[in-house]
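The structure under discussion appears below in the form of structure tokens.
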Amino acid sequence: MTTLLTLISTLLWWVLYSSIGALFFAIIAWSVLRWAERCPVVFNRTYLACLVWSLAGLLIVAGVAMHEGHTKPPYAPLLGSPLFRGALVLDMLIGVFVLWRLIPRVDAHRIRPASACLAVAVVMALAFGAATSLA
């Protein structure tokens, strides 16, 4: 019973933290996409895409951290790991694909893949800047 409660609690916290992060990512991505597309994009779909991206990214990064054995600070050895860097590249590719497939413009056309790449790049650059200033 304790294992079941622990699993349920872990899943709830995973979704909660992912949705909080996705809100910040969505605000950044939405503004970048409005600028890059020169046309309004739908914020609800931007949030949905960022939530899917955040859930997948957190799962990938946590899996690599557990595989490498770096689940507690300091995280410097994890950041230098080639497997972790590959996981971040995979995470960015997932982000581009999800943003491109899920976010429409208000004229019912899909955003351009280049705009999705730009939005993911800006989000990742700001996330890395925040992470390195906190660490």
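The values are calculated or read from the model by the stated rules, or taken from the named source; none is laboratory data. None of these values were measured; they are calculated from a predicted model. Cβ sites come from the backbone with ideal geometry, for glycine too, and all protein chains shown count toward neighbours. Accessible surface is based on the protein model in full, side chains and every heavy atom, while ligands, DNA and RNA are left aside. Shrake-Rupley method; radii C 1.70, N 1.55, O 1.52, S 1.80 Å.
From the set of residues in the range 1-28 that are closer than 13 Å to residue 123 by Cβ and small (Gly, Ala, Ser), which is surrounded by the fewest Cβ atoms within 10 Å (Cβ to Cβ)?
Applying the filter and picking the extreme gives 21.
Evaluating residue 113 against the criteria (1) at pLDDT 95 or above; (2) open to solvent by 50 Å² or more (accessible area, probe 1.4 Å); (3) out of contact with any Phe, Trp or Tyr (no Cβ under 6 Å at 6 or more places or on another chain) leaves one unmet condition, (3). Only residues that are touching a strand residue (DSSP E or B) at 6+ places or on another chain (Cβ under 9 Å) and open to solvent by 40 Å² or more (accessible area, probe 1.4 Å): list them for the range 29-55, please. Listed by number, the residues that qualify are 30, 34, 40, 42, 45.
Taking the conditions exactly as written (within 20 Å of residue 13 (Cα to Cα), modelled with pLDDT under 95, open to solvent by 90 Å² or more (accessible area, probe 1.4 Å) and among the aliphatic types (A, V, I, L, M)), does residue 59 satisfy them or not?
Numbers: within 20 Å of residue 13 (Cα to Cα): yes; modelled with pLDDT under 95: yes; open to solvent by 90 Å² or more (accessible area, probe 1.4 Å): yes; among the aliphatic types (A, V, I, L, M): yes.
Yes, satisfied.
Restricted to helices (runs of 4 or more DSSP H) entirely inside the range 1-89, those with at least 2 residues that are closer than 23 Å to residue 118 by Cα and under 15 Å from the mean Cα position of the chain (by Cα) are 2-37, 43-68.
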